[in-house]
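Nothing in this text is a laboratory measurement; each read-out follows from the coordinates by a stated rule. Values in this document were obtained by computation on a predicted structure and should not be read as measured data. Here the Cβ positions follow ideal geometry from the backbone for every residue, glycine too, while neighbour counts run over all protein chains shown.
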């Protein structure tokens, strides 16, 4: 049997095997939508291939990976706004693809309720991929994907639901949990005096919104300096007037790689974010700022951007 | 103990005998078909995509390029009042495609059915459960990409009254939660008649759908196309129109 199968490398890979999404003790429970989502070796591999496929755009230049690059934690740093088809500029700052299994909703306004339907938005957006799902399916059918679908789903049928499921499975595997703070949470490391001071300051000044190990409560808030242009944020999807100009609390994990910050990329540095708080009367001394930034540096995961 | 065992055995035998009788008379499954006929206004003009109509109440002139809507969660009422849920019943009716307007419910228990009930739209569960297939495949262009959820009713076309570029109108109506929900259940009897579902007979129930109800229902009219020609997300206005559209379904006749 071994002799017969040895000639095909596929025989050694179980494409239906589940891919483990780690659950660090410090992380909250996973988001409800993720309970029935089970990435497999085959679907993740297919998703990765689709993620980098530029043919899935109206002018053949834009892949998901154009604006979600691993070396910057799958964000599009240092761009304030990303470039889509025909050089068009996107509406908001591109968020990093990380720890999505714990996010209850997606986009700065939380308009998307499940990771599997997330890819539809950039596909059909006229300044991003500018391509209908029917055209995406046609493009994938024209390309060399039949074997990938067979491995992922057991047959070669190429459909829109399968494409977006595979993309979701791939993105869900992007877990950043190997930063220095994660070592601290696992009791493998201690905090320096400055880091301890920064932690206290952070919890006092920022921790009510940037809460927990993921540094987000995933609700919608108006931050000093977050009103930029006419983008009304959460109101767009909720139609509740009090939600105007509110945006989802972003995780600060991997901030070192993902500047600029804010939904419009309006802050080039964390110092600028703190400066906006300063103008609101939340004064921090230079030493306090330094301690705060030192503590926040613990949330940068160099392994995530290189593996 | 012995008596108990005997009693259980007797019940089992009785149960098997009764079940056997039931199966003999009514146990087979059949199909029931429902055909939607689109009829415009009180005068019930035959409706088709690409034909110009005048709205009898608002007076607006309009030509549809698209009319699509979801029918789901179908329930059939039997003559004894029991309700038969049709599993996995999701249908996208497209007025430009007659085949899509003929819904076939297969594997329905034989019997006499006196009424039908269905959602105009898609239940909340399927709106929050990620990638769906079949009629709910997001490639059918009935899914809001930026504010997750299905468009329950899509009506598009042109009108000289519209103030939009190229005189278009676009109504994308949906919303599965909260005060602006556009989800409505329609229930109706078969006018006192009965659809006799048998293994060898598939009755056809004809229902009328009046697209003009998007602008007026029960004598109350919404703003005409000169005022509102563009509704693209769940809000109070789309919730009203969804309810009005759902009231435009009526029983016509049935064939056994």
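Summary table
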item: For the range B:54-130 and the range A:129-158, distance of Cα centres in Å; result: 31 Å
item: Residue among B:35, B:79, B:156 with the largest mean-square fluctuation in a Gaussian network model of chain B, springs linking Cα atoms under 10 Å; result: B:79
item: Stretch gain in nm, segment residue B:156-residue B:37, where the contour uses 0.36 nm per residue and the Cα spacing is subtracted; result: 41.0 nm
item: Considering only the protein assembly as shown, percent of DSSP beta bridges that pair antiparallel, nearest 5; result: 90 percent
item: Highest-MSF residue in chain A out of A:81, A:199, A:12 [GNM, Cα springs under 10 Å]; result: A:12
item: Helix B:2-26 vs. chain B, principal-axis angle (Cα, 0 to 90°, nearest 10); result: 50 degrees
item: Angle in degrees between helix A:133-142 and the longest Cα principal axis of chain A, rounded to the nearest 10; result: 50 degrees
item: Square roots of five times the Cα gyration tensor eigenvalues for the protein assembly as shown, Å; result: 49, 34, 24
item: Chain A - mean residue ellipticity at 222 nm from DSSP helices (-39,500 (n - 2.57) per run, n ≥ 4, rounded to 500); result: -9000 deg cm²/dmol
item: Inter-label distance for residue A:52 and residue A:204, nm, one decimal - labels placed 7 Å from Cα along Cα-to-Cβ; result: 4.7 nm
item: Cα centroid of the range A:251-289 to Cα centroid of the range A:78-127, whole Å; result: 22 Å
item: Per principal axis, descending, Cα span of the range A:123-249 in whole Å; result: 58, 45, 20
item: Share of alpha-carbon pairs per 5 Å distance bin for the range B:47-199, given as whole %; result: 2, 8, 15, 17, 16, 15, 13, 8, 4, 1, 1
item: Computed FRET value (nearest 0.05) for residue B:220 with residue B:104, which takes r as the C-beta separation and R₀ as 41 Å; result: 0.70
item: Virtual spin-label span in nm between residue B:65 and residue A:61, 7 Å along Cα→Cβ; result: 2.7 nm
item: Efficiency of FRET between residue B:228 and residue B:198 - r from beta-carbon atoms, R0 41 angstrom, step 0.05; result: 0.25
item: With Cα atoms, 0 to 90° folded angle of helix A:160-172 axis to chain A main axis; result: 50 degrees
item: Estimated distance in nm for a label pair at residue A:211 and residue B:170, the labels positioned 7 Å out from Cα along Cα-to-Cβ; result: 3.9 nm
item: For chain B, built as a Gaussian network whose Cα springs stay under 10 Å, the top-fluctuating residue of B:149, B:175, B:59; result: B:59
item: Per-selection Kirkwood Rh - chain B (Cα, Å, 1 d.p.); result: 20.1 Å
item: Extension reserve of the residue A:157-residue A:194 stretch, reckoned as 0.36 nm per residue once the Cα distance is removed; result: 7.7 nm
item: Chain A - share of DSSP beta bridges that are antiparallel (%, nearest 5); result: 90 percent
item: Chain A shape via C-alpha gyration tensor axes, a/c threshold 1.5; result: oblate
item: Backbone N within the range B:38-66 under 17 Å of label point (7 Å from residue B:253 Cα along the Cβ vector); result: B:38-39, B:44-46
item: For the range A:15-172, diffusion coefficient by Stokes-Einstein and Kirkwood Rh (Cα), 10 °C, 1.306 mPa s, µm²/s; result: 99 µm²/s
